[in-house]
Amino acid sequence: MALLKRSYLTLVYLFLYIPILVLIVYSFNAAKYATVWKGATLKWYAKLFENEMLMDAMVNSITVAVTSSIVATAIGTLGALAFYRYRFTGRKPLYAMVYTTMMSPDIVMGISLVCLFVILGLKLGFITLLLAHVTFCLPFVIVTVYARISGFDPAVIDAAKDLGAGEFQIFRHIILPMTAPAVAAGWLLSFTLSLDDVIVSFFVTGPEFEILPLKIYSMVRLGVKPEVNALCTLMFIFTLLSVIAAHYLVKEKTK
Amino acid sequence: MGKQIVSFKGVTKGFDNQTVVDNISLDIYGGEFLTLLGPSGCGKTTMLRMIAGLESCDEGQVIINGVVSNDIPAAERDVNTVFQSYALFPHMTVLQNIAFGLSLKGRPEAEILEKVEEALAMVKLAGFGERRIQRLSGGQQQRVAIARAIVNEPLILLLDEPLSALDHKLRKEMRLELRQLHRKLGITFIFVTHDQEEALTMSDRIVVMNNGKIEQTGEPKEIYEEPANLFVADFIGESNFFDGRVTGTDGHWMDILVEDVAMTVRNRRGFFVNQDIRVLLRPEDMVIQRASDDCDQPHLKGRVEELIYKGNTVDLVIRLNSGKRIATTEFFNEDAEEIFYAQNEAVCISWIQGWEVVLPNE
Ligand SMILES: Nc1ncnc2c1ncn2[C@@H]1O[C@H](COP(=O)(O)OP(=O)(O)OP(=O)(O)O)[C@@H](O)[C@H]1O
Ligand SMILES: [Mg+2]
C-alpha cells in the first residue's frame, strides 16, 4: 500500500516537473538546435545577457511588475480592510464579485480593457499595461489579505479601542502588523502574476513597450532559441524562491 | 458605599429590531464589586459594552463619574475591559500587551516598565514579560488580560465572563484572586457571569437580568434568601416550588393550603384570601423526619427515592404522595447516622416556619 502510494505521487510529480527539468537541462546544452546532448555550457546564459532586446524587455517587465504589484497591494489591502471593518448592504455580493474577476478568463479581461482604453483614447503602452496589471492582481490581494484578517478575533480591535487607540493607531499597531505577512504574500503573488502574464498584456501594450513574456512568445514562433531556455530557467528559479518566501510569510505567526 | 460611579438612566438598546436592553435604570457605586447575572443572551455583555463605550445606546443616558458619556468614545473613557476571549494582541509579547495602553498615552519608558512589572506581580506572572502570547496557558493568558487592563489604573474594571474558559479548579482559585485584587485596587469591578455560584461568592451586589430587564438588585444573601420573583428564585440556587392558595390571613401570618395540607406561613407581601401563591423552599431549609417518629407539625408525606452522599451533606430526592418530586439537603451534625434513610422509607416533610419564600403565582 505504502509503495503504491509513493509510486503514485512520484508519477504525479514526474508529470509536473519533467518538462521544467528538460528545459533546465537544455539551457546548459552546447548543441544549438538538436535535441541531442553535446556537453554542458554556460554560453546561452552569456548570450542572453548580451541580447539587448531581451534585456530591455526584461527591465520593462520588472518595472511593470514592481509598480503594478505595489499599487495593487495598497489598493487591495485597503479594500480587504473595508470588507472586514465595515458592515454595509451588499457586502457579500460585492465580495463574491471579487472572485468573479479573479476567475474570469484572461481573454475577456484583455479585450474589455483594450476596448475601454480605446474609448478613453489612451495610447497603448506603459500606462495601459500598468492599469491592466493592477486590475487583474487586485482580486488576488484582496482575497489573500481578507482571508487572514477575517480569522482575527474581532474583540482584539475592541480591546485596542478600550486601551485608548484611535482608528489610525488601531491600523498602525494592530491591523497592520497582524496582516503584514498576508500583505507581503499578496504582493509577491501580484508580482509573479504580473511578470508572466501574456494574454492580457498582449492586448493592452503598444509596440514601443515590449515586455518579456511577449518578446519570448514572438521569438519562439521562429523556433525555440537556447537563450530562451536559459531565460526561462532563471525565471523558474525566481518563481520558486518567491513561492518559498510567500509560504514562510503566510505560515509565520499563524501557529 | 461610595458615590455613584456609573448610572444607567432609562437606557434602551436594540439590534435589528430586537430590544436587547430594555429601559434599564441602575446605579453602580464607587468601589463596589457588582455582578451582572443572567441567562445567555439577556444583554449582560451589551450593558458592559455600553459602559466601555464600545456600543452606543439608542435611548437614555449612561453617566460615568458624573459625566453623561453617551458620546464619549471608548478610548477616552476611564474604563478598561477584560474580554471574554481575552483578546490579547497575538503579535506582541506579554510585556508589549500590557504596556499598550500606557505607551499610547505617551508615558515615559521607565515609568511604563515599572508599572508593567507591578501589574505582572499583581497577577502573579512576574518574569513572564518576554513570553509570546501563544506560549501561555489559558489561565496565564487570562491574567495577562487582567494585567493589561489594570495597569492603566482605570476607575472601573469591566470583566466579561473572565473565568468561563478556565477549568473548575482554576476558576475557584481565580474567584479568590479577583476578590483580593478588588480589595487591593479599591476600584469598581463590574463583573458579568451566567454562573450563579460565581455571582454569589464574589459580589458585593448582584443585578439579576433577564430579557434585557433587571429582575432584582441586591446583596447575594438578599437575592438568595429573598428572591423578588419566580425567575430569580428559579435562576439562583436550587429550589422546591409548591403551588398553593391562601385560606386566611391576619396580615402577619396566613393559613395556606399546599398539597392539600394546611400550613401557616408568614405573610410578608399582603397576600389576600383565595390568592394563588407559590411557596419556594431551598433544599437545605427542608426538615425531614421519619414517619415512624410520629411527626408533630403539619407536614407533607412522601418516600425517599434517592439518597446521594456528598461528603459534607446528604441529599435526598423525595417523592411526595402526590407524585411531585422534591430535593432536600441535610447537613451532618453530631449524631450523624440520623440522616441516613432507607430507600423507600416513609418520611414527613416540613420546614422551619418563616424560612419559606412566598410569591404570587401569576
Ligand atoms: N453586534 C450585534 N449585532 C446583533 N445582535 C447582537 C449584537 N450583539 C449582541 N446581539 C444580540 O443581543 C442579545 C444580547 O446579547 P449579549 O451579548 O448582551 O448577551 P449576554 O447576556 O452577554 O449573553 P452571553 O451570556 O451568551 O454572553 C443577543 O440576542 C445577541 O444575539
Ligand atoms: Mg456575553
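The values are calculated or read from the model by the stated rules, or taken from the named source; none is laboratory data. The shown structure was predicted, so the numbers you read here are calculated from the model rather than taken from an experiment. Counting neighbours? That spans all protein chains shown, and the Cβs are built from the backbone with ideal geometry, glycine included. Quick note on the areas: whole protein, heavy atoms, side chains included, nothing else; ligands and nucleic acids left out. Shrake-Rupley method; radii C 1.70, N 1.55, O 1.52, S 1.80 Å.
Rounded to the nearest 0.05, what FRET efficiency is calculated for A:F152 and B:D255 with R0 set to 56 Å and r the Cβ-Cβ distance?
E(calc), rounded to 0.05, equals 0.30.
Apply the a/c threshold of 1.5 to the C-alpha gyration tensor of region B:122-182 and tell me whether it is rounded, prolate or oblate.
oblate
Treating cross-link reach as a plain straight distance, find the lysines whose alpha-carbon is under 20 Å from the alpha-carbon of B:K124, omitting any fewer than eight places away in the same chain.
B:K115, B:K169, B:K172, B:K184
Distance in nm between label sites at A:E50 and A:Y99, each 7 Å beyond Cα in the beta-carbon direction?
The two pseudo-label positions are separated by 5.3 nm.
Sort B:K324, B:K184, A:K32 from largest to smallest accessible area, using a 1.4 Å probe on the heavy atoms of the protein chains.
B:K184, A:K32, B:K324
Ordering B:I146, B:I187 from largest to smallest accessible area (1.4 angstrom probe), what's the sequence?
Accessible-area ranking of B:I146, B:I187, largest first: B:I187, B:I146.
Over the protein assembly as shown, consider all pairs of different Cα atoms and compute the Kirkwood hydrodynamic radius from their mean reciprocal separation; express it in Å, one decimal.
Hydrodynamic radius (Kirkwood, Cα only) of the protein assembly as shown equals 31.1 Å.
Straight-line reach from A:K215: which lysines fall under 25 Å, measuring Cα to Cα and dropping same-chain residues less than 8 apart?
Reachable lysines: A:K32, A:K43, A:K47, A:K123, A:K225.
Once the Cα atoms of helix B:168-185 and of chain B are each reduced to a long axis, what angle between those two axes, in degrees from 0 to 90 to the nearest 10, is obtained?
Around 60 degrees separate the two axes.
Arrange the peptides B:155-164, A:97-106, B:52-61 so that the one whose residues have, on average, the most other Cβ atoms within 10 Å appears first.
Ranking, from highest mean packing down: B:155-164, B:52-61, A:97-106.
Using a 1.4 Å probe, how large is the accessible area of A:I107, given in Å² and rounded to the nearest 10?
Surface open to solvent at A:I107 totals about 90 Å².
With only alpha-carbon pairs counted, each pair once and no self-pairs, how large is the Kirkwood hydrodynamic radius of chain B in angstroms?
One over the average 1/r among Cα pairs gives 23.3 Å for chain B.
What is the average number of partner chain Cβ atoms found within 10 Å of a Cβ in B:88-99?
3
Between A:G125 and residues 5 or more places away or on another chain, which pairs have amide H atoms under 5 Å apart, with H built 1.01 Å from N, and which residues are they?
A:G206
Just the number, please: buried accessible area between B and A, total of both chains, 1.4 angstrom probe, nearest 100 square angstrom.
Using a 1.4 Å probe on protein heavy atoms, the buried area is about 1700 Å².
Pulled fully out, how much extra length does the chain show between B:V287 and B:A126, if you take 0.36 nm times their separation in residues and subtract their Cα-Cα distance?
52.8 nm
If you stretched the chain out fully between B:V317 and B:E222, how much longer would it get, using 0.36 nm times the residue separation minus the C-alpha to C-alpha distance?
31.5 nm
For peptide B:72-83, how many partner chain Cβ atoms fall within 10 Å of a residue's Cβ, on average?
Averaged over the peptide's residues, the number is 4.
Just the accessible area per residue of region B:251-360, please: how many Å² with a 1.4 Å probe?
54
Give me a comma-separated list of calculated 3J(HN,Hα) values for region B:62-70, in order, Karplus coefficients 6.51, -1.76, 1.60 applied at θ = phi - 60°, integers in Hz, x for any Gly or Pro.
Running phi through 6.51 cos²θ - 1.76 cosθ + 1.60 with θ = phi - 60° gives 10, 10, 10, 6, x, 10, 5, 10, 3 Hz.
Quick one: if you stick a label point 7 Å off each Cα along the C-beta vector at B:N274 and A:I119, how many nm between them?
With each label placed 7 Å out from Cα toward Cβ, I get 8.4 nm.
Tell me, what is the FRET efficiency for A:S242 and B:E109 to the nearest 0.05, using R0 = 30 angstrom and their Cβ-Cβ distance as r?
So the FRET efficiency works out to roughly 0.15.
Per residue of chain B, what 222 nm ellipticity follows from adding -39500 (n - 2.57) for every DSSP H run with n ≥ 4, rounded to the nearest 500?
Per the formula, -7000 deg cm²/dmol.
How much length would be gained if the chain were fully extended between A:E167 and A:T35, taking 0.36 nm per residue of separation minus their Cα-Cα distance, in nm to one decimal?
Contour length minus Cα-Cα distance gives 41.2 nm.
If you roll a 1.4 angstrom probe over the protein chains with everything in place, what fraction of the accessible area of the protein assembly as shown belongs to carbon and sulfur, to the nearest %?
With neighbouring chains kept in place, the figure for the protein assembly as shown is 59 percent.
Give me the one-decimal nm value for the distance between modelled label points at B:E59 and B:D167, 7 Å along each residue's Cα-to-Cβ direction.
Distance between the two pseudo-spin positions: 4.9 nm.
Considering chain B, which cysteines have no disulfide-compatible partner, defined as another cysteine with its Cβ under 4.7 Å away?
Flagged as lacking a Cys partner: B:C42, B:C57.
Kindly rank B:250-259, A:116-125, B:200-209, B:237-246 from highest to lowest mean number of other beta carbons found within 10 Å of each residue.
Top to bottom by mean Cβ count within 10 Å: B:200-209, B:237-246, B:250-259, A:116-125.
For chain A, take the longest principal axis of its alpha carbons; what is the angle in degrees between that and the long axis of helix A:52-85, to the nearest 10 within 0 to 90?
20
Treating only the Cβ atoms of Lys and Arg (+1) and Asp and Glu (-1) as charged, compute the dipole magnitude of region B:240-360 about its Cα centre; round to the nearest 20 debye.
So the magnitude is around 640 debye.
Compute the angle between helix B:138-150 and the longest alpha-carbon principal axis of chain B, please, reported from 0 to 90 degrees and rounded to the nearest 10.
For helix B:138-150, the angle is close to 70 degrees.
Can you list the residues in region A:154-170 whose accessible area drops by at least 50 Å² when all protein chains are present, compared with the chain alone? Use a 1.4 Å probe, heavy atoms only.
Buried-area filter returns A:D158, A:D162, A:L163.
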